[in-house]
Amino acid sequence: MQNLIITAAGRELMAKMISGTSTCSFTKISASEHDYSGEDLESLVSLQDVKQTVVPSDVSRMNPAMVNVVAVFSNEEIAEAYYIRAIGLFAKDADDRELLYAVSMEPDHPDYMPMYEGKTISSVTYSLNIRVDNSAEVSLEVNPGLFALKEDLQKTDSEVVAIQEKLNGIEEGAQVNCVIGVKGNAEENYREGRINISPEDIGLGNVNDTADKDKRVASAVHLGMPRTPESPSDLSDLAKYPNGSLTVKEFSPVADVIPDLPSEAYYHTLIGQSADPNYATQLALGMTAEKIAYRMKYAGGWRPWREIVHSG
């Protein structure tokens, strides 16, 4: 920005301050996109095309004749980008009347204020040196809580330094919580990015061939055993295999031959033998009572009989 030009109203207020008939309090700074090239800045009483207005972030006396005013413009509420071609400093006199005290413009190389896109906040800071001659009637009060104060900036600087120190503590070439690739036991190459792991990738391609959620694992193992070539495929083939893997026997008294069978004088038994002799099933059909019992051979040992049908 070019040097500040004190307006006619500003000079009048300055004269009153010097004479002790008025006070001055700097109230706000406005940013304009209007190009004031060739215009008489001293005669301005307002700004055209104002895009933003802020209160001073800091006001301090540099010497008896000069005051420094700091203004910070942020894009946090800017919906449309613009160029800051002029700024105006406003003040209030002892009668609480606000006036345009000084103006500065930059028509050739204006500062750019981008729109806020929800990510990065941009800001432009102006430090204005205001001539007040030898008046002691200038208020140096700052409206608290608005925009960045010096203490805020110092706190931010210290936080940045602390983060940088943490980053400096990481050894060169170190990788922190970084997954380079994923590979299942059944795969040869590692994969990167978003990865789906299928049963086949980890060697469980046949997992769906065991049992559904309602079956015990023991049943799944037994039912999954391959049949011998002589085994019947369904009940209609039973007659073809009288002495094969499915046999029919009669025991009397059965308790002496098959322990734990539900007590009846006569039973017919059906035995289904898998290719592995350690796994089989046996069905006992009551001949003198309406009872049916079932048991299974698992890993070489017979499980207890279970009565699955009875009369009454």
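The values are calculated or read from the model by the stated rules, or taken from the named source; none is laboratory data. Here the structure is a predicted model, which means the values were calculated and not measured. Cβ: placed from backbone, ideal geometry, glycine included. Neighbour counts: every protein chain shown.
The residues on offer are THR21, THR53, and the sole one that is of a type in the set (Ser, Thr, Tyr) and free of Cβ contacts under 8 Å to residues at least 40 places away in the same chain is THR53. Count of the range 1-38 residues, restricted to those that are loosely packed, with under 14 Cβ neighbours inside 10 Å, within 55 Å of the chain's Cα centre (by Cα) and either at pLDDT 90 or above or on the phi > 0 side of the Ramachandran plot (or both), is 2.
In the range 74-98, how many are in a strand (DSSP E or B) and more than 30 Å from LYS16 (Cβ to Cβ)?
Pass one, the range 74-98, residues in a strand (DSSP E or B): 74, 82-84, 86-92, 98.
Filter once more, keeping what is more than 30 Å from LYS16 (Cβ to Cβ): 74, 82-84.
Qualifying residue count for the region: 4.
Of all the residues in the range 46-73, those that are out of contact with any Lys or Arg (no Cβ under 8 Å at 6 or more places or on another chain) and assigned to a strand (DSSP E or B) number 13.
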